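Visitor: Just dropping this structure here.
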There are 2 protein chains.
Amino acid sequence: MAQLIPYLSVDCVVFGFDAERQELNILVYEREIFNDRSGNLNLKFPGSIVPMEDDLDDSAQKVLFELTGLKNVCLKQFHAFGNPDRIKFDEEKKWAERHYGVKIDRVVTIAYYALIRIDKHNPEQSRIRDKLKWITHDRAENMAFDHSLILEYALAALKKDVLLKDVNVFELLPPKFTLAQLQSLYEAVMGKKMDKRNFRKKISKASYIKALDEKQRGVAHKPALLFYFDKDDFERSKEDINTFFV
Amino acid sequence: MAQLIPYLSVDCVVFGFDAERQELNILVYEREIFNDRSGNLNLKFPGSIVPMEDDLDDSAQKVLFELTGLKNVCLKQFHAFGNPDRIKFDEEKKWAERHYGVKIDRVVTIAYYALIRIDKHNPEQSRIRDKLKWITHDRAENMAFDHSLILEYALAALKKDVLLKDVNVFELLPPKFTLAQLQSLYEAVMGKKMDKRNFRKKISKASYIKALDEKQRGVAHKPALLFYFDKDDFERSKEDINTFFV
């Protein structure tokens, strides 16, 4: 039977920060559709069709847990993707049909993002743990369906939420971090490089980034001073936002 | 036949500013479902089910034009509403079924907002022009379906976009406006009152709000100085945003 109305799905973009390599990462899983395994066409975000009886947000939490083992993560809905041609290839339609057992011509997807600590992620409970992997965000071009576009929107939403302190981006960092790590995170989220001295000058005004009386250990280079994030001060600093638009 | 997957719709929250009364307004239309015409249960936003072949954004533009006569408006998608019980009453299900000619148990809606100048709105081309009306945003409780919740989210999205200068909220004002009008608009969008002196002090720093050499005419009270909005200066002022998160 021909499809009469669009299916609805949820997709989750999970951001992590590789503190050692100082790189923003994204959690994806690998389908086996295309033979060319060098590209990204087999890579997609965790997601699923929404059943008739499920709430959207619940559905996103459920599929995230099933596919990645992540539980009780703060998922922020950021955009619905509804281009009728977002399933680009016949191979993808066939994959979706095998996967769901129904004929699928069109799916509108509601996308969510989440921030997690990579080192805390335990994929033990994932049904597809062998297919999961973290990739760097600058190498996520040409993914399955329109997922590279979804990633662009996720980054834009993250950036907005960070600017408005609607999200705690410091959750991505380890409890003790260096200013170099903080700067890499900043640059990845804001999508631009920043002069080191300038960055440190600005950071010195952020009351919620505090120096510890402690340095890195076991590094080959000169050990850097460690910092921590003060959540209470961060909450207080939010009051300055939401006041004006000049 | 029972519904197997959720229907998908688009809804548009159109904001206007009544410069004379200094009130933020929302464009709604009146269905005839409930007998009690004193409440808001018959009031809904312009919206429609998305056909199988239509892009979401195109669909929103199309329905907005058909129902309100508004064309080429900048519609910003802000949230998808997917609570399975968002159609609250049996009467509403029956209305939807009569309206669309199919059995409808559940609809997930993708919501958009737009800003327009009320005095420029010409509903001539609307199919339902007699049913359209502007209501003040503080009187929009208990609307049809979950539309009062949608309005709350629309206001939150508008506020975020205004803070980040992602939207030009000054489009809502007439070309020449008083600071009292600007303050009313500010207070409605930000959801809080502000001391007049404080407000004027802040506004004096906004390079893109400029005084004219002209006062109000034909008013009973002491005529106020008129101001205008300088779009070029506004665009330049955006550069200060997007730089930091302290």
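Listed here are the residues, each with its yes/no results for (1) touching a Lys or Arg at 6+ places or on another chain (Cβ under 9 Å); (2) away from chain A (no Cβ under 14 Å); (3) at pLDDT below 90.
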residue	(1), (2), (3)
B:V108	yes, no, no
B:A114	yes, yes, no
B:H121	no, yes, yes
B:K131	yes, yes, no
B:M143	yes, yes, no
B:Y153	no, no, no
B:L158	yes, no, no
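Visitor: So B:L41 passes all but one of these: (1) touching a Lys or Arg at 6+ places or on another chain (Cβ under 8 Å); (2) of a type outside the set (K, R); (3) open to solvent by 30 Å² or more (accessible area, probe 1.4 Å). Which condition number does it fail?
Guide: (1)
Visitor: State yes or no: is B:N72 without any contact (Cβ under 8 Å) to a residue 60 or more places away in the chain and either in a loop (DSSP other than H, G, I, E, B) or open to solvent by 10 Å² or more (accessible area, probe 1.4 Å) (or both)?
Guide: yes
Okay, residues lined up against (1) more than 23 Å from B:E32 (Cβ to Cβ); (2) among the hydroxyl-bearing types (S, T, Y); (3) in contact with a Ser or Thr (Cβ under 8 Å, 6 or more places away or on another chain):
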position	(1), (2), (3)
B:K76	yes, no, no
B:I87	no, no, no
B:D90	no, no, no
B:K93	no, no, no
B:Y100	no, yes, no
B:I118	yes, no, no
B:P123	no, no, yes
B:S126	no, yes, yes
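Visitor: Counting just the residues of the stretch B:90-110 that are farther than 14 Å from A:I5 by Cβ and of a type in the set (K, R), which one comes out most open to solvent (accessible area, probe 1.4 Å)?
Guide: Among those residues, the one meeting the criterion is B:R98.
Visitor: Hey, another quick one. With the requirement that a residue be away from chain A (no Cβ under 14 Å) and either more than 18 Å from the chain's Cα centre (by Cα) or surrounded by fewer than 21 Cβ atoms within 10 Å (Cβ to Cβ) (or both), what does the stretch B:45-68 give you?
Guide: If the condition is that a residue be away from chain A (no Cβ under 14 Å) and either more than 18 Å from the chain's Cα centre (by Cα) or surrounded by fewer than 21 Cβ atoms within 10 Å (Cβ to Cβ) (or both), then B:F65, B:E66 are the ones that fit.
Visitor: Going by the conditions given, is A:N83 open to solvent by 20 Å² or more (accessible area, probe 1.4 Å), assigned by TED's automatic domain parsing to the domain that holds A:E152 and farther than 28 Å from B:V50 by Cβ?
Guide: Spelling it out, it is not the case that A:N83 is open to solvent by 20 Å² or more (accessible area, probe 1.4 Å), assigned by TED's automatic domain parsing to the domain that holds A:E152 and farther than 28 Å from B:V50 by Cβ.
Visitor: I've got another one for you. So for the stretch A:75-97 (the condition being within 23 Å of the chain's Cα centre (by Cα), at pLDDT 90 or above and under 23 Å from A:Q125 (Cα atoms)), does at least one residue qualify?
Guide: Yes; the residues of the stretch A:75-97 include at least one that is within 23 Å of the chain's Cα centre (by Cα), at pLDDT 90 or above and under 23 Å from A:Q125 (Cα atoms).
Visitor: Just give me the residues in the stretch B:1-27 being acidic (D, E) and either open to solvent by less than 20 Å² (accessible area, probe 1.4 Å) or within 14 Å of chain A (Cβ to nearest Cβ) (or both), in sequence order.
Guide: Once the filter is applied, which keeps residues that are acidic (D, E) and either open to solvent by less than 20 Å² (accessible area, probe 1.4 Å) or within 14 Å of chain A (Cβ to nearest Cβ) (or both), the stretch B:1-27 yields only B:D11.
Visitor: Among the residues of the stretch A:175-217 satisfying the criterion of being touching a helix residue (DSSP H, G or I) at 6+ places or on another chain (Cβ under 9 Å), touching a residue at least 40 places away in the same chain (Cβ under 8 Å) and more than 10 Å from every other protein chain (Cβ to nearest Cβ), which is surrounded by the fewest Cβ atoms within 10 Å (Cβ to Cβ)?
Guide: A:A180
Visitor: Kindly list the number of the only condition in (1) open to solvent by less than 20 Å² (accessible area, probe 1.4 Å); (2) within 20 Å of the chain's Cα centre (by Cα); (3) not assigned by TED's automatic domain parsing to the domain that holds B:I33 that fails for B:I150.
Guide: That leaves (3) as the condition not met.
Visitor: In addition: Kindly indicate the residue of the stretch A:98-118 that is assigned to a helix (DSSP H, G or I) and without any contact (Cβ under 8 Å) to a residue 40 or more places away in the chain and also nearest to the chain's Cα centre (by Cα) among those meeting that condition.
Guide: Of everything passing the filter in the stretch A:98-118, A:H99 is nearest to the chain's Cα centre (by Cα).
Visitor: Could you say which residue among A:K88, A:K94 is among the basic types (K, R) and outside any loop (DSSP other than H, G, I, E, B)?
Guide: A:K94
Visitor: Consider only pairs whose beta carbons are under 9 Å apart and that are at least six residues apart or on different chains; among these, list those whose first residue lies in the stretch B:119-143 and is open to solvent by 100 Å² or more (accessible area, probe 1.4 Å) and whose second residue is among the aromatic types (F, W, Y).
Guide: Sorted first by the residue in the stretch B:119-143, then by its partner, the pairs are B:Q125/B:F65.
Visitor: Scan the stretch B:1-20 for residues that are part of a strand (DSSP E or B) and of a type outside the set (S, T, Y) and jot them down.
Guide: B:L8, B:V10, B:D11, B:C12, B:V13, B:V14, B:F15, B:G16, B:F17, B:D18
Visitor: Here's something else I'd like to know. Residue check: is A:L115 of a type in the set (A, V, I, L, M), under 17 Å from A:C12 (Cα atoms) and open to solvent by 50 Å² or more (accessible area, probe 1.4 Å)?
Guide: Against the criterion (of a type in the set (A, V, I, L, M), under 17 Å from A:C12 (Cα atoms) and open to solvent by 50 Å² or more (accessible area, probe 1.4 Å)), A:L115 does not qualify.
The values are calculated or read from the model by the stated rules, or taken from the named source; none is laboratory data. Given the structure is predicted, the values throughout are model-derived calculations rather than measurements. Every residue, glycine among them, receives a Cβ derived from its backbone with ideal geometry; neighbour counts consider all protein chains shown. Accessible surface is based on the protein model in full, side chains and every heavy atom, while ligands, DNA and RNA are left aside. Shrake-Rupley method; radii C 1.70, N 1.55, O 1.52, S 1.80 Å.
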